[in-house]
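See structure below.
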Amino acid sequence: MTAQARPAGWAAWIALPVLVAVWMLLSHLLDSSLLPSPAAVLQTLVEQASSGQLWHHLGVTLYRVILSFVLAMVLGVALGFCMGRWATVNAVLDPVLVLMLNLPALVTIILLYVWMGLVEPAAILAVVINKVPNVAVTVREGARSLDRKLEQMATVYRFGWPQRLWDLWLPQLFPYLMASARGGLALIWKIVLVVELLGRSDGIGFQLHMAFQVFDVSAILAYSLAFIMVVQLIELLVLQPLERRAHRWRHPEVTHA
Amino acid sequence: MTAQARPAGWAAWIALPVLVAVWMLLSHLLDSSLLPSPAAVLQTLVEQASSGQLWHHLGVTLYRVILSFVLAMVLGVALGFCMGRWATVNAVLDPVLVLMLNLPALVTIILLYVWMGLVEPAAILAVVINKVPNVAVTVREGARSLDRKLEQMATVYRFGWPQRLWDLWLPQLFPYLMASARGGLALIWKIVLVVELLGRSDGIGFQLHMAFQVFDVSAILAYSLAFIMVVQLIELLVLQPLERRAHRWRHPEVTHA
Amino acid sequence: MLELSFDGRGFRQPVLGAIHLRIERGDRVCLLGPSGVGKTTLLNILAGLDPVVLPSAFTQGSDLRVGYLFQEPRLLPWRTLYQNLVLVGAKREEAARLLSQVGLTGYGNHYPDQLSLGMARRAALARCLAVAPDLLLLDEPFASLDAERAGELQALITGLLDQNPAMAMVCVTHDEADAASLAAQRWWLEGAPARLRVEGGGESAGRRSTAAGPDSQNAGPLWAEARGGEGA
Amino acid sequence: MLELSFDGRGFRQPVLGAIHLRIERGDRVCLLGPSGVGKTTLLNILAGLDPVVLPSAFTQGSDLRVGYLFQEPRLLPWRTLYQNLVLVGAKREEAARLLSQVGLTGYGNHYPDQLSLGMARRAALARCLAVAPDLLLLDEPFASLDAERAGELQALITGLLDQNPAMAMVCVTHDEADAASLAAQRWWLEGAPARLRVEGGGESAGRRSTAAGPDSQNAGPLWAEARGGEGA
Amino acid sequence: EGLPTLSLSVLQYGTAHWELAHVQRRGLDRDQGFLLELRPVANLPASRLALTGASVDGAVADLLWVQSRYESDAHLVFVPFSTRIGELVVAPDSDIVGFGDLVGKRIGVAGGPDSKGWILMQRVAADQGIDLAASNQIQYGAPPLLSEALKRGRLDAVVTYWHFAARLQAEGAGRSVMPLASLLAELSLEQNLPVLGYVFRADWSAEHRDLLARFASAIRQAKAELAADPAAWDGVRALMRAPDDRVYQALRNGFIAGTPGPLDDRRIASLRQLLALTGADRERIMPPSLFYREGP
Ligand SMILES: Nc1ncnc2c1ncn2[C@@H]1O[C@H](COP(=O)(O)OP(=O)(O)OP(=O)(O)O)[C@@H](O)[C@H]1O
Ligand SMILES: Nc1ncnc2c1ncn2[C@@H]1O[C@H](COP(=O)(O)OP(=O)(O)OP(=O)(O)O)[C@@H](O)[C@H]1O
Ligand SMILES: [Mg+2]
Ligand SMILES: [Mg+2]
C-alpha cells in the first residue's frame, strides 16, 4: 500500500527525457518560431553562456534571490511561529498578514521604487515584503500543530531555548519549512523577475523582458531554463540530502535485506 | 507558555487602525501624489464603486480567481498527495515539479496566449499551471508526514476510500491544505493580475496596470484594497470558521470556566 | 482457519525466527514473552500488517475479519468516540452499548484527547469488539486498568467468546492470572530471533479450547453463524 | 518540600475536587485509584504542567527538579535513545549505564519508533532517572512489562531511593504488590470530582517512609546531598 | 449589418486611442464602410501579444519591433501613425544642453536598451566620439518610475516617450533638451519619418486590401479633423488623463505635431536606412512592400 521503499535510481530519469521528447515532437510539428526546438534553445543557451552574458545575469539574479530568500525565511519563520503559538499575537497580526499577503507585488515594488529610488535595497526589500507573509502563513500552521505532550515533556525536563528550538520545534516544523523553502524559492525568483523588469538594468528578469519585447521565445526559454537548472541543483545537492537526513527517523525499518 | 486560550475580541481591531493611522501620518508628512491619504483612496474607491466600474472588474477578477483556485487545488492536492505517498511517483515526477514550479508565470502566460490566443481558457489555464506545483509541494510534505500507525489501524478495520479520505487523511492534511489555500489564494490573485495585464481587457489587473501607466497611485491602492477586502471577508467567513471547526478536537479542555 | 508459514527472513534485525502456526475457529490463545521479544510484531503479522511477511506466507486466512486492539489506543483523535466506533461499521446504538459495556457511558461525544489513557484503551477495545471479528487480536487488553475494571473487561471478553464459539482470539498479556482465566492455549515467544513455543504441544496451536460449531473452512460470516446459534 | 493547596475550581469538567497535600523529602507515595479518576491529572499538577492550577497554589516546591515518567513514553521520535537522554542533561556514559540498567544495552543508537512499547517505556524511565530528580513522578512504571523485567526495575528504583534518602517519589500503580513493596504511603483517589484519601492518616502525606538526612527546607540540591552521604 | 470589421488592440491611455476614439465617435469607420473594433489592453507587451496570437487584426507598434518580427519570419504591414520618437528631458534647472553635457551623468531610459530613441542617441553620440553607454550610469525602467526619479533628483536626464515628456514639461518638472526625431537630420535622413504605425499581419492584409485602405483613409480623416478643430478634442479629453489645461494643451499640440506625411519611395528608403542604422541585419531589412502606401 504505502510503498515507502527507496525508489529505483532510474526513476528520476524518466520524466525529463519524455518531456524533452514531447517538446521536440511538438516543435517539429508546429515548426514555428514561437516554439523553438530543444536544440535551438540549447544553442541560444550555449551562445549566451560563452559570451559571458548568461553568467553575469544569472549571477546577479541569484544574488538577489538568495539574499531575499534568507531574509524572508528568517523573518517569515519568526513571524509565523509566534502567530501560530500565541493566539493573541495571531489575532492582532492576522489582518495585517492578510493584507500583506494579498498586496500585489506590483504595488509594493512601485511604491518602494518611488520612495527609495530605483536602487538595489528597494528591489530586495520589495521581494522580502512579498515573500514574508507566504512563509509566515505556512509556518503558522506548523506552529499550531506542535505536539503539546512533547511540549510538556520539555517543560518538565527544563529544555533551554536552544534545545526547544533545535530538538523540539525544528523537527516538527521541518515539513512546513521544506514546503515554504521550495515554494519560496520559486516565488522569490518570480518576484525578482518582476522587480528586475520594472527597475533594474541587469538580471534574468531584465533579459527575459528584452527577449519578450521581440518575442524571442528561444531566449526566454534559455534564460528560464538556466535558472531552473540552478534550482534543480539546489534541490539535488541541498534540499533532498537535508530531507533524507531529517526523515531518517521516520521509516528506519524499511531497508530490509 | 502556550497561551492557546481564545484571544479577546478586541485583538483583531488593533493592527488595522494603527496601520491606517501610520499611513495617514506618512501621507500627511510626505504630501505627495505618490502616497495619497487614506481619505483620497477611499474617495477613489467610492467613485469607482458608484460608477459600477469597480464591481465589474472585481467580479471578473473574482470569477477568474475562484475558478482557477478550485482547479489548482484539486489537481495540486491530488498530485502532491500521490507524490508524498509513493516514493516512486515522487522520484519520477519530481524533476517536472521543480521545472513547473520555477517556470516564470510570464513564460507560461506568453506561450499559452500565443498558442491559444487571448482567450479566457488560456488565461485560466496559465494560472492553474502556475499554481498547481505550489499546492503539490506543500501537500506532498503533508502526505509524507501521515501517521503510519493510524494507517495500519485503517487497514485492519477495512476503511473504504471515502473513509480514508475524509476521516483519516483530510484531518492530517488539514494544516497543509490551509497553508496552501491561504498562500494559494494570494498567489493566484497575483498571477491573475499578470494574466489580465497581458491579455485581458477587464479585471483588476487590467485596471491596476492602466493606473500604473498614468501613475495613479490612488487608483492602484483603491483596486488592490478592494480585492484584499474580499479576501479578508473570505478569511473571516470561510477559512477561520472552518479552521475553528477543524481544530476543535485539538484543545478541547482550554475553555475553562 | 488461519495458517501461517514464515521463514523469518526479511527483517532488518532478525526479530522473529521461522514461524509456523495454525489457528482454528474457537481457539483461545494467550501469547506470552518478555518485553521486546516480538509479540506485537507477531500480532501485526497475523493482522496482515507486516510489510515483510508476504501474503503468500498465509496458507489460509489472509482475508479474515480482524478485530485488533493495538498496544496504544490508535483512535482517530479528531473524531469523537461515537464517530470512531461508527467508522468501523457499528450502528449508533451498538456503539453506545459497547461504550457502556467498557465503562464509558456518557463519553460518546468526547474526543480521545479528553480521556485518560486507560479510558482510551477501553474505547479502543469497544471498537475492536464492534467489528464482529472472526479473529480477535488483543495486545495487553488490561494494561493501565485497575483490578476491578480489568476483571469486568475480562468477564466481558470471556462472555463474548462463549457466545461466539467460532471466534478465535490471540491475546498478549504479562499476567499469569489473566492468561489462566482467558485462554486454553499458551504460546511463548523466547530468544532472539524469537521462536514460538506452544505450551504442552508442537509448533501448531491447533487444539481448540471449547468444542464448538461445525469446522466449516472459512465459510460464511462466523459472527452471523454464532448469532444464529445464540437465538436457537 | 512541596505543599499544594488547590480548591478544584477551573476544570471544565470537575476532575479533581479540592486538594491539599504536602510531600516531604524522602516520602514514598503510591497513588491508587480506578481508571480515569484523575491520577495522571494529579501528577501533572505536581509537575507544574496543569494550566488550570496556578503556581500560587503551590505554597512550596514549584521549583523542584522533577523526573516524570509519563504514562506514554514521550521520547523525541527524531532523536536516538542516547540523544534523548543527553538532552535532559545526562553524560554519554551515564546514558549508556542507565540504558543498560533498564535492559536496553545496545539500543542507544535506535530511534524510539524502532522499539517495542515496553522498551520505549523503559527508555523513558531511564531518562527520568537521568535528571537526578528531587521528586520522582512515575505513572505506571511497570505497565507493559513481564513480571521478571518489572521486578528488576522495581529493584532498580528501590535501590535508587535507598541511595538517595532525600528523594521523594509519587508512583501511580494498579498493582497492590508493587504498591506494597515500593512505598510506605498510599494515596487513594476516589469519586467524581475526585478526593484524595490518605491511607491511615489525614489529608497530608507528611510522614516519611525512611528516616533520612536533615529536613532542610528546599536547601541545596538534594541529589548532591544524597551522593555525599553515599560516599561517607 | 454586414459591414466588415477591423479589430485593433490599443493601449487604453495610449496616444493612438485618441484618434481611434475619434473615429468611432464620429462614425468615420461607418462612413468608410467598415466597423472599427477596439480591444483595450493595459500595456505594450499585451498589445503585441494580442497581435502575435492573432486575437486582433492589428495593433500599434514601432518600426523596430516590426523589423525584428520580420527577421523572425513574421511579416507585418506598417501603416504610419506618428513621427514621435521620444524626448531627452532634464530637470528645469539643469545645465545640460546637448550630448556633450551628458557624459558622466545619470540617465534614465524608458523601455530598455532596445528603445529606438536611445539607440538613435547612442548612434549620433558615437558619431561625435562620445560613448554614451560606457561613460554614464544608465538606468532602464518603466517611464512613470523614471519621471518620478527625475522629479526627485535621482536622475539627471531621462530619455522617455513624448507624452511623458510633455507632462513633465507642462508640470514644470522637466525641460526638453531635444525631440529625438531631430536626430534624424544628424544622420542625414528624411525628417518626420513615421516610426510608429498600425501594423497588420501580412497574410491578413493581403486578403483585406480594401479594408486596410478604408481604415487608412478613416485615420487620415480623423487626423485632419483633430488638427483643424480644437473642439473635436473634447470627446478625447477623458482618455488623455490631463490633470489641467496646460498638460492638455501640451499633449494636444504634441500629438498634432507628430502627424506623418504619406509614404513615398524616398521616405520608405529613408525608413529602411534608419533600420539599418539602428542595427538591423542589412540583408534582411523589411521590403518596401510591407510599408503601406496611400492610393492604388
Ligand atoms: N520499526 C521497527 N524497526 C526496527 N525494529 C523494530 C521495529 N519495531 C520493533 N522492532 C524491534 O522488534 C522487536 C520486537 O518488538 P515488539 O514490539 O514486537 O515487542 P513486544 O514483544 O511487543 O514487546 P512489548 O511487550 O514491549 O510490547 C524489538 O526488539 C524491537 O527493537
Ligand atoms: N484534555 C482533557 N480534557 C477534558 N477532560 C480530560 C482531559 N484529560 C483528562 N480528562 C478527564 O479527566 C479525568 C481524569 O483523567 P486522568 O488522565 O487523570 O485519569 P487517570 O486516573 O490517570 O486514569 P488512567 O488510569 O486511565 O490513566 C478523566 O475522566 C478524563 O475524562
Ligand atoms: Mg508489544
Ligand atoms: Mg493516567
Please indicate, with yes or no, whether at least one residue in region E:108-118 is within 24 Å of residue A:216 (Cβ to Cβ) and in contact with a Pro (Cβ under 6 Å, 6 or more places away or on another chain).
-> yes
Show the residue pairs that are 6+ apart or on different chains and have beta-carbon atoms under 6 Å apart, the first residue being within region B:211-239 and free of Cβ contacts under 8 Å to residues at least 12 places away in the same chain, the second being not aliphatic (A, V, I, L, M).
-> B:213/E:13; B:214/E:13; B:214/E:241; B:228/A:102
Residue check for residue D:67: away from ligand 4 (no atom under 16 Å from the Cβ) and farther than 27 Å from residue C:143 by Cβ | no
Give me the pairs: first residue in region C:133-145 and of a type in the set (Ser, Thr, Tyr), second residue within 16 Å of ligand 3 (Cβ to nearest atom), beta-carbon distance under 7 Å, and six or more apart or on different chains, which are they?
-> C:144/C:117; C:144/C:121; C:144/D:140; C:144/D:143
Does any residue of region D:76-97 turn out to be within 14 Å of chain C (Cβ to nearest Cβ), more than 16 Å from ligand 3 (Cβ to nearest atom) and assigned to a loop (DSSP other than H, G, I, E, B)?
-> yes
Residues located in region E:34-56, provided they are out of contact with any helix residue (DSSP H, G or I) (no Cβ under 6 Å at 6 or more places or on another chain) and in contact (Cβ under 8 Å) with a residue 40 or more places away in the chain | E:50, E:51, E:54, E:55
Does region C:9-34 hold any residues that are under 18 Å from the mean Cα position of the chain (by Cα), within 16 Å of ligand 3 (Cβ to nearest atom) and assigned to a loop (DSSP other than H, G, I, E, B), and which are they?
-> C:33
Pick from region C:119-163 the residues that are acidic (Asp, Glu) and in contact with a Gly (Cβ under 8 Å, 6 or more places away or on another chain): which of them is nearest to ligand 1 (Cβ to nearest atom)?
-> C:146
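So that you can scan it fast, the table gives a plain yes or no per residue for (1) exposed (fewer than 15 other Cβ atoms within 10 Å of the Cβ); (2) of a type in the set (A, V, I, L, M, F, W, C); (3) within 30 Å of residue E:102 (Cα to Cα):
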| residue | (1), (2), (3) |
| --- | --- |
| E:190 | no, no, yes |
| E:194 | no, no, yes |
| E:203 | yes, no, no |
| E:218 | no, yes, no |
| E:225 | no, no, no |
| E:232 | no, yes, no |
How many residues are in contact with a Ser or Thr (Cβ under 7 Å, 6 or more places away or on another chain), more than 16 Å from residue D:195 (Cβ to Cβ), within 12 Å of another protein chain (Cβ to nearest Cβ) and not hydrophobic (A, V, I, L, M, F, W, C) when one looks only at region D:13-49?
-> 3
Output yes when any residue across region D:110-117 is within 16 Å of ligand 4 (Cβ to nearest atom), part of a helix (DSSP H, G or I) and more than 13 Å from the chain's Cα centre (by Cα), and no when none is.
-> yes
Residues located in region B:34-86, provided they are assigned to a loop (DSSP other than H, G, I, E, B) and within 25 Å of residue B:164 (Cβ to Cβ) = B:86
With respect to residue D:8, determine if the residue is within 14 Å of another protein chain (Cβ to nearest Cβ) and not charged (D, E, K, R).
-> yes
From A:181, A:246, A:219, residue being in contact with a Ser or Thr (Cβ under 8 Å, 6 or more places away or on another chain) and more than 8 Å from chain B (Cβ to nearest Cβ) | A:219
Counting just the residues of region A:91-124 that are touching a Phe, Trp or Tyr at 6+ places or on another chain (Cβ under 9 Å) and more than 7 Å from every other protein chain (Cβ to nearest Cβ), which one comes out surrounded by the fewest Cβ atoms within 10 Å (Cβ to Cβ)?
-> A:119
Inter-residue pairs, beta-carbon under 7 Å, first over 13 Å from residue D:70 (Cβ atoms) and in region D:33-48, second part of a helix (DSSP H, G or I) and more than 8 Å from ligand 2 (Cβ to nearest atom), 6+ apart | D:34/C:148; D:34/C:149; D:35/C:149
Subset of region D:1-31, residues closer than 26 Å to residue C:111 by Cβ and of a type in the set (S, T, N, Q), comes to D:13
Identify, please: which residue in region C:7-23 is in contact (Cβ under 8 Å) with a residue 24 or more places away in the chain and within 14 Å of ligand 1 (Cβ to nearest atom) and is, among those, surrounded by the most Cβ atoms within 10 Å (Cβ to Cβ)?
-> C:16
Within the set of pairs 6+ apart or on separate chains, which have a first residue in region E:120-134 that is farther than 16 Å from residue E:158 by Cβ, a second that is hydrophobic (A, V, I, L, M, F, W, C) and loosely packed, with under 15 Cβ neighbours inside 10 Å, and C-beta atoms under 8 Å apart?
-> E:130/E:103
Check region E:138-151 and report whether any residue there is more than 14 Å from chain B (Cβ to nearest Cβ) and not in a strand (DSSP E or B).
-> no
Given the conditions (1) more than 26 Å from residue A:80 (Cα to Cα); (2) away from chain E (no Cβ under 14 Å), report the number of the one that residue B:196 does not fulfil.
-> (2)
Breaking point among (1) touching a Phe, Trp or Tyr at 6+ places or on another chain (Cβ under 8 Å); (2) among the hydrophobic types (A, V, I, L, M, F, W, C); (3) within 15 Å of ligand 2 (Cβ to nearest atom), for residue D:11 | (1)
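Considering only region B:63-90, state which residues are at the interface with chain A (Cβ under 9 Å from one of its Cβ atoms) and touching a Lys or Arg at 6+ places or on another chain (Cβ under 9 Å). Give the derivation first.
The initial filter retains those residues of region B:63-90 that are at the interface with chain A (Cβ under 9 Å from one of its Cβ atoms), namely B:85-90.
Scanning region B:63-90 gives B:85, B:87, B:90.
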Within the bounds of region D:57-65, is there any residue that is surrounded by fewer than 23 Cβ atoms within 10 Å (Cβ to Cβ), away from ligand 3 (no atom under 16 Å from the Cβ) and closer than 30 Å to residue D:111 by Cβ?
-> yes
Checked C:52, C:86 against criteria (surrounded by fewer than 21 Cβ atoms within 10 Å (Cβ to Cβ), of a type in the set (Val, Ile, Thr) and closer than 27 Å to residue B:246 by Cβ); the one match is C:86
Conditions (1) within 13 Å of ligand 1 (Cβ to nearest atom); (2) surrounded by fewer than 23 Cβ atoms within 10 Å (Cβ to Cβ) -> residue C:38 fails only (2)
Residue in region D:143-166 that is under 27 Å from residue B:147 (Cα atoms) and not polar (S, T, N, Q) present | yes
If the Cβ limit is 6 Å and pairs must be 6+ apart or interchain, which residue in region C:150-177 that is over 19 Å from residue C:119 (Cα atoms) and at pLDDT below 90 pairs with which residue that is within 16 Å of ligand 3 (Cβ to nearest atom) and part of a helix (DSSP H, G or I)?
-> none
Restricting attention to strands (runs of 3 or more DSSP E) lying wholly within region E:1-110, give those where 3 or more residues are more than 14 Å from chain B (Cβ to nearest Cβ) and either over 29 Å from residue B:107 (Cβ atoms) or hydroxyl-bearing (Ser, Thr, Tyr) (or both).
-> E:76-82, E:87-90
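The values are calculated or read from the model by the stated rules, or taken from the named source; none is laboratory data. Treat the numbers as computed from the prediction; the structure is a model and nothing was measured. When we count neighbours, we look across all protein chains shown, and the Cβ atoms used for this are built from the backbone with ideal geometry, even at glycine.
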